[in-house]
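Structure first, then comments.
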Amino acid sequence: MRIAFIQDSGMNESAALLVLSSVLKLEGHLPRLFIENDERDLFGSLGRFDPGLIVIAIDIGGHYWGLTLASKIAGCVKAPLVVVGTYPTLDIEAVLARPEFRLVIPGECDVALPALASVLSSGQGDFENVPGLHWRVDGGAWCRNPLPPYLQDIESLPAPDVSLFEPYPYLLELGVRRFVSGRGCPNKCSYCYNNELSRGTRSLGQYVRRKSAPGFVEEIATSLARYPARHVHMGDDLFTHDAGWLRQFAGRYRRDVGVPFTCNATPMSLTEETVSLLSEAGCHGVAVGIESGDETLRERILDRPACDDVLRAGCERVRKAKILLASFNMIGMPGETFCQALSTVRLNKELGVQVPRINFTIPLRGTRLTQRAMEEGYLTREELAGIEQEVASGRFKMRPCFRSPDATRLERLFRVFQLSVVLGLAESQVCRLVCSGLATSVVPFRSLMLLLEKRFFGVPWLAGMRMFLHAGHPLGRTKNFNNFIP
Ligand code: SF4
């Protein structure tokens, strides 16, 4: 059966989608990716492909795009449409409430999607055999199969099918390839949906799973032999939390792959041994979750218990090993003052961060951070609903989402954050910048972001420009960005 995957752009794709493609091919199906941004006439292209099934992944936060397109497709394409992704996984009732959908699979789909394709190919309609499938019966009611247990042996899955990108050569010519060694995250940050997902699905078995280091290295080596790359990004939420695993990975990766790579880490995991193993493996850059310069905010609001000394020690090891240091930061946490936000600039400067990344804290329904913010009066139910509506309608503008007397200054600091860290500005200079016209201009802030990300991922100018023209800003991501839920 021909199966169409649809995503909005080519930036930061879902690793899960490539695995699904391989799984479907093993069962004799023919998957094809359609990137909306790159199709002059998406519906014409879909019509020519004539799929037996259309898969659309709807991500939480990106659901305006997903729901709008899925509704259009459901209304004018005759092939059945199945909705997957983090949005139906975390808010299934919102998806089931929409009359235009007939098939929904929440959660991981490695087993469910091939099973659905077989049922549709056979024409039997025995949907009871598709684990986790929710389907609408005549009369409008939904039938729901229970979610299957988490697949524990993820190494038994076939390697990601990179040929899915062949219709869009700019993706392969970029020379940067993402690989993921595991699924789930062992941390419990209060603002992250990963945490809610693991709590809500405890009965499905072990949530955090990982491939063996030798198996993972072999997967990368085999893939790069066919689709060469200058740079590899380990897309795991955390790549460094298991020193034993890294011991098996480092030498093998250098010997069998030898391509510079970047990865994500927590400060606590950057021990002497871990950093030395990263260096041995040929690590080019590490992105560390700093989030806030204020220890109390990190601990009390974000549930990230890492004291400044641990941060200092971890980052210093990275710099000493001559590995590029990037950081994740947030501004506009519930109760955060301008002075506390300024301390995040200060800490990034002190740690010698070369690629500082900055984002606003966004309230996600159901997370501990959002619940506490409402209890403590930083957000009302109405305000949360308003933000969700803006996100849902695609009108959301980046800004502090929680009530704060410092909202304007926080918004301005957000714009000059990277410049301040990269230039190592003194606090008085940062404050002057916050009051200046530059803090209201979008251009320098976005250009600097582009340059910093280009450096982190080792992207050459020409391929980077081509990617940018096709897919947009490098900090953007497809609406189906997730490592294990397509
Ligand atoms: S470390 Fe990252 S992925 Fe893991 S829970 Fe925290 S924010 Fe989420």
Go through the cysteines of the chain and tell me which have no other cysteine Cβ under 4.7 Å away. CYS76, CYS109, CYS143, CYS185, CYS263, CYS283, CYS307, CYS315, CYS339, CYS401, CYS431, CYS435
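For the chain, give the magnitude of the charge dipole about the Cα centre (Cβ charges: +1 Lys/Arg, -1 Asp/Glu; no others), in debye to the nearest 20. Don't skip to the end; give the middle numbers.
On the way: 55 positive and 52 negative charges, 198 e Å.
So the magnitude is around 960 debye.
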The lysines whose Cα lies under 18 Å from the Cα of LYS72, excluding any fewer than 8 residues away in the same chain, are LYS479
What's the center-to-center distance, using Cα atoms, between the range 242-283 and the range 140-217 in Å? 21
Relative contact order for the range 104-169 using alpha-carbon pairs under 8 Å, separation at least 6, rounded to a whole percent? 25
If unit charges are put on Cβ atoms (+1 for Lys and Arg, -1 for Asp and Glu) and the dipole of the range 2-144 is taken about its Cα centre, the option from ASN129, ALA70, GLY139 lying farthest towards the positive end turns out to be GLY139
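Arrange GLU128, GLU316, GLU93 by Cβ neighbour counts within 10 Å, fewest through most, would you?
Numbers: GLU128 11, GLU316 15, GLU93 8.
Listed from fewest to most nearby Cβ atoms, that is GLU93, GLU128, GLU316.
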Dipole size in debye (nearest 20) for the range 2-144 around its Cα centre, Lys and Arg Cβ +1, Asp and Glu Cβ -1? 340
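Based on Cβ point charges of +1 for Lys and Arg and -1 for Asp and Glu, what charge dipole magnitude is obtained for the range 175-458 about its Cα centre, in debye rounded to the nearest 20?
Dipole about the Cα centre, nearest 20: 840 debye.
The numbers here are math on the coordinates, done by the rules we state, and not lab data. As the structure is a prediction and not an experimental result, all values here were calculated from the model. Because the Cβ atoms are built from the backbone with ideal geometry, glycine has one as well, and the counts that use them run over all protein chains shown.
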